[in-house]
1. What residue, among those in region 218-235 that are part of a helix (DSSP H, G or I) and either among the basic types (Lys, Arg) or touching a strand residue (DSSP E or B) at 6+ places or on another chain (Cβ under 8 Å) (or both), is farthest from Ile181 (Cα to Cα)?
2. Suppose we filter region 6-19 for residues that are on the phi < 0 side of the Ramachandran plot and either loosely packed, with under 15 Cβ neighbours inside 10 Å or in contact with a Leu (Cβ under 6 Å, 6 or more places away or on another chain) (or both); how many remain?
3. Among Phe18, Phe33, Phe4, which is the only one that is within 26 Å of Asp119 (Cα to Cα) and free of Cβ contacts under 8 Å to residues at least 40 places away in the same chain?
4. When the residues of region 233-290 are filtered to those that are of a type in the set (Val, Ile, Thr) and more than 22 Å from Gln84 (Cβ to Cβ), which remaining residue is nearest to the chain's Cα centre (by Cα)?
5. Counting only residues that are hydrophobic (A, V, I, L, M, F, W, C) and not in a strand (DSSP E or B), how many does region 73-91 have?
6. Of all residues in region 19-55, which are part of a loop (DSSP other than H, G, I, E, B), of a type outside the set (Gly, Ala, Ser) and over 22 Å from Met1 (Cβ atoms)?
7. Checking the structure you have, find out if any residue of region 125-143 is farther than 22 Å from Val54 by Cβ, in a strand (DSSP E or B) and among the charged types (D, E, K, R).
8. Please find, among Gln84, Gln43, Gln110, Gln55, the residue that is surrounded by fewer than 17 Cβ atoms within 10 Å (Cβ to Cβ) and within 23 Å of Ala160 (Cβ to Cβ).
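The values are calculated or read from the model by the stated rules, or taken from the named source; none is laboratory data. Just so it is clear, the model here is predicted, and its values are computed rather than measured. All Cβ positions, even for glycine, are placed from backbone atoms using ideal geometry, and neighbour counts span all protein chains on display.
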Amino acid sequence: MEAFVIEEEKEGRPSLLFIHKWMEAHPGLSAGFSSRHGGVSDQELNSLNCALHVQDAPANVLENRKRLAEAIGFPFGSWTCAEQVHGKKVTKVTAKDRGKGKESRELAIQESDGLTTDDPGTLLTAFFADCVPLYFFDPVRRAVALSHAGWKGTAMNIAAETIQTMRDAYGSRPKHILCAIGPSIGQCCYEVDRNVAGRVEEALSSDGYTSEWTESDWRQVRTVKPNGKVMLNLKEANRQFMIKAGILPTNIEISGLCTSCNTQLFFSHRKEHGKTGRMTAWIALSEVNG
């Protein structure tokens, strides 16, 4: 069953995907992923582009962000985001950081690909168009996190970095943390060279984690084509990094949706040759129920 449930656009509300399993079990939690529909941007950014770095009119982006925030029940002032750099830095967000980056890149949290908070009312957001959104929720400590994992962030194991940051900041225990891996480019579409695949393989193999893996196990992460290129499964690689960091496999939700296969629903940097917008991943605890 698909972990991210689509709610179609209606009456001015954008089309969004929610982690309903989590939200139904944990009142006050909101977590999901936007589609490309329900905004005001035009041409290749049509229509719910939420990123300020893709040559969209800033007024369009802010309107799209406001529409998304309203649709999920949060004031626009709670929107908090970072300038993503394909790294592994994870920043602890407190109440004083709430709203950073909502209207400008200069005022966003700088050079961070992961955010975590236990502040109810702070809406953590990040932007995607093929890279992998990683969601984390500790129902015991009432803390959440959101990270951006392209191939570089995956190879640098931002998943484990996020989990460790939650442990240090809130005393979270991996066995309690729920994780989700959102819509992103799938193994079906993500062809890379051996260098890129090798970086991910090397990171997975550290500490002997893959010492007992068979070739069949490796094929879940990568398959080698006759031309030497590799079809890489970033979703599965991140799932394995989560398990390696102590997350229970049964506590990991994973989307089967491929952004490259579904450009009628999502933006895809690779499929659309870089001329495209960005979806938003979000996670937050409400002030009322948090």
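1. Within region 218-235, the first condition is being part of a helix (DSSP H, G or I), and the residues that meet it are 218-219, 234-235.
Then drop every residue that is not either among the basic types (Lys, Arg) or touching a strand residue (DSSP E or B) at 6+ places or on another chain (Cβ under 8 Å) (or both), which leaves 219, 234-235.
On the way: Arg219: 19, Leu234: 10, Lys235: 7 Å.
Here the answer is Arg219.
2. Going residue by residue through region 6-19, those that are on the phi < 0 side of the Ramachandran plot are 6-10, 13-19.
With the extra rule that they be either loosely packed, with under 15 Cβ neighbours inside 10 Å or in contact with a Leu (Cβ under 6 Å, 6 or more places away or on another chain) (or both), the set shrinks to 6-8, 10, 14.
The total comes to 5.
3. Details: Phe33 fails: free of Cβ contacts under 8 Å to residues at least 40 places away in the same chain; Phe4 fails: free of Cβ contacts under 8 Å to residues at least 40 places away in the same chain.
The unique qualifying residue is Phe18.
4. Filtering region 233-290 down to residues of a type in the set (Val, Ile, Thr) leaves 243, 247, 250, 252, 254, 259, 263, 276, 280, 283, 288.
Next cut, more than 22 Å from Gln84 (Cβ to Cβ) only: 243, 247, 250, 252, 288.
Values: Ile243: 17, Ile247: 17, Thr250: 19, Ile252: 14, Val288: 25 Å.
Among them, the one singled out is Ile252.
5. Step one: filter region 73-91 for residues hydrophobic (A, V, I, L, M, F, W, C), giving 74, 76, 79, 81-82, 85, 90.
Remaining after also requiring not in a strand (DSSP E or B): 74, 76, 81, 85.
Total satisfying the criteria: 4.
6. Residues of region 19-55 that are part of a loop (DSSP other than H, G, I, E, B), as a first pass: 19, 26-28, 35-42, 46-55.
Keeping just the survivors that are of a type outside the set (Gly, Ala, Ser) gives 19, 26-27, 36-37, 40, 42, 46, 48-50, 52-55.
Within region 19-55, Arg36, His37, Val40, Asp42, Asn46, Leu48, Asn49, Cys50, Leu52, His53, Val54, Gln55 meet the criteria.
7. Going residue by residue through region 125-143, those that are farther than 22 Å from Val54 by Cβ are 135-143.
With the extra rule that they be in a strand (DSSP E or B), the set shrinks to 135-138, 143.
From what's left, among the charged types (D, E, K, R): 138.
The answer is yes, given that some residue of region 125-143 is farther than 22 Å from Val54 by Cβ, in a strand (DSSP E or B) and among the charged types (D, E, K, R).
8. On the way: Gln84 fails: surrounded by fewer than 17 Cβ atoms within 10 Å (Cβ to Cβ); Gln43 fails: within 23 Å of Ala160 (Cβ to Cβ); Gln55 fails: within 23 Å of Ala160 (Cβ to Cβ).
Answer to the check: Gln110.
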